[in-house]
Each structure stands twice: as structure tokens, then as C-alpha cells.
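The values are calculated or read from the model by the stated rules, or taken from the named source; none is laboratory data. Everything quoted here is computed from the prediction, not taken from an experiment. Cβ atoms come from the backbone with ideal geometry, glycine included; neighbour counts cover every protein chain shown. For the accessible areas, the whole protein counts, side chains as well, though only heavy atoms, and no ligand, DNA or RNA atoms are used. Shrake-Rupley method; radii C 1.70, N 1.55, O 1.52, S 1.80 Å.
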Amino acid sequence: MSDIDDDEIGEEEGGPNLGEYEGERNEKNERHGQGKARLPNGDTYEGLYQYGKRQGKGLYKFKNGARYDGEYGENKKQGQGTFIYPDGSKYEGAWIDDQRNGFGIYYYINGDRYEGEWQNHLRQGRGTYFYSQTGTKYVGMWQNGRRNGTGEVIFGKFKLRCHWKDDLPVGQGKYIFDIGCEQHGEYLQKEKPPGEDEPEDAQPTIISTWKAGKITDISHL
């Protein structure tokens, strides 16, 4: 579920005369209005400028095949835009200061998809993650790119509703089945020691184990 950080695909910055330019200018000879630019690093930009900076709608193509088609403010991605990454993954949504911020949809190359809130490039707030291989989806809260807070995983004919911490279920929860019943229980966390092939100083892995409890009718709460 990793997201490419397009800070690693930075747009070239510079003065008003950086690279080759064809387009409108203002009385100060600044790029102003509609224009096309080819930058020294091989990137290209076609769109609107204001006082020498990218401002408004534009299309920025990177020499590595990535591209951004959307809104700019003060040379930064601001507002709504679509970014297609070199590996073929794609983000459509809101941007603030060159980072994914606000509501957006990220399409991963393995077929997974995330729809929800972002903050500083990370999944943050409420969102839904669709797993293409299994057909399941997680609906709930995120923090720092991981499932954190209340949420549920929908498997098809049943779902798990519980609390999450660092991508793992933890504490009280329940499995809800479409036949009209639910199983209550608790997820207990414990450390799994390093395997034989791992170095002795390797950090232990935290795993969650379901401890089943009573079965009741669906409470609808």
C-alpha cells in the first residue's frame, strides 16, 4: 500500500528565464499568461503563468514519464489535479503546497484503490481502501498512512468491526455475519520473535490474535 512521494519527482525551479519559453509576457518581461516551457533538466510545462510563476491550470511533464495535470499556485501544485507516477500509479484529488492534502483517490499498480482524506502525502482521516486481490475493503480512520482508530473490514458475507493501531486490529471487536449473528471477542497483541534466518538483533514482529467470545444476534449498534 505504499504511495510514491513525488517530492522525489521535483519540478525544476528557477528564475523567470529558466529554459526555453514560448508564450505571453507582461510589461516586466515576466512569463505571464499562456505559455510553453522546456526546462534545462528535460521537463516541459504548458499552461498558465502569473508574474513569472506557474499559476492556474497547467500540464507538467517530467522526463521520467511522470506528469501532473492540474492547478498551480505560486509554482506549486495547489487545488485539484491528477498526478501520474513513473510506475503507472495515479492520484486524483486535492493538493496543497505540492503535497496530497484533502480528499483524493489513489490508484495503485496492483489494482488496489484508496478513496479518502490525505495530509502531507499520507492517508490521514477517514478513507476506504479497496484490495483488488481479495475483494475486501477497509472503511475507517487513518493516521500517518496506516489504519488507526475505528474501522471495519468488509469481506463479503461478513465483516470485522474493531479498533486499529498501526495497521493491526487491537482490543474489543466483533465479526458480523449476514446470516443474522455476530461473534464478540478481542484482538490480543504479542511479539513474534525473529526467525532462524533473521539476525539476532532483528526487531520482533507484533502480531494480533483473535480471542473469540460469545455469539449473539446482531445488535445494530
Checklist entry - Of the residues that sit in the stretch 111-135 and are polar (S, T, N, Q) and in a strand (DSSP E or B), which one is surrounded by the most Cβ atoms within 10 Å (Cβ to Cβ)? => result Q124
Next on the checklist: For the stretch 13-27, check the following and say yes or no: at least one residue is modelled with pLDDT under 95 and under 27 Å from the mean Cα position of the chain (by Cα).
Outcome noted: yes
Item to check | Flag if Y138 is modelled with pLDDT of 95 or more, closer than 22 Å to G65 by Cα and crowded, with 16+ Cβ neighbours inside 10 Å | outcome: no
Checklist entry - From the set of residues in the stretch 24-44 that are in contact (Cβ under 8 Å) with a residue 24 or more places away in the chain and surrounded by 16 or more Cβ atoms within 10 Å (Cβ to Cβ), which is nearest to E71 (Cα to Cα)? => result D43
Checklist entry - Going through the stretch 63-94 one residue at a time, which ones are open to solvent by 20 Å² or more (accessible area, probe 1.4 Å), touching a residue at least 60 places away in the same chain (Cβ under 8 Å) and not in a loop (DSSP other than H, G, I, E, B)? => result none
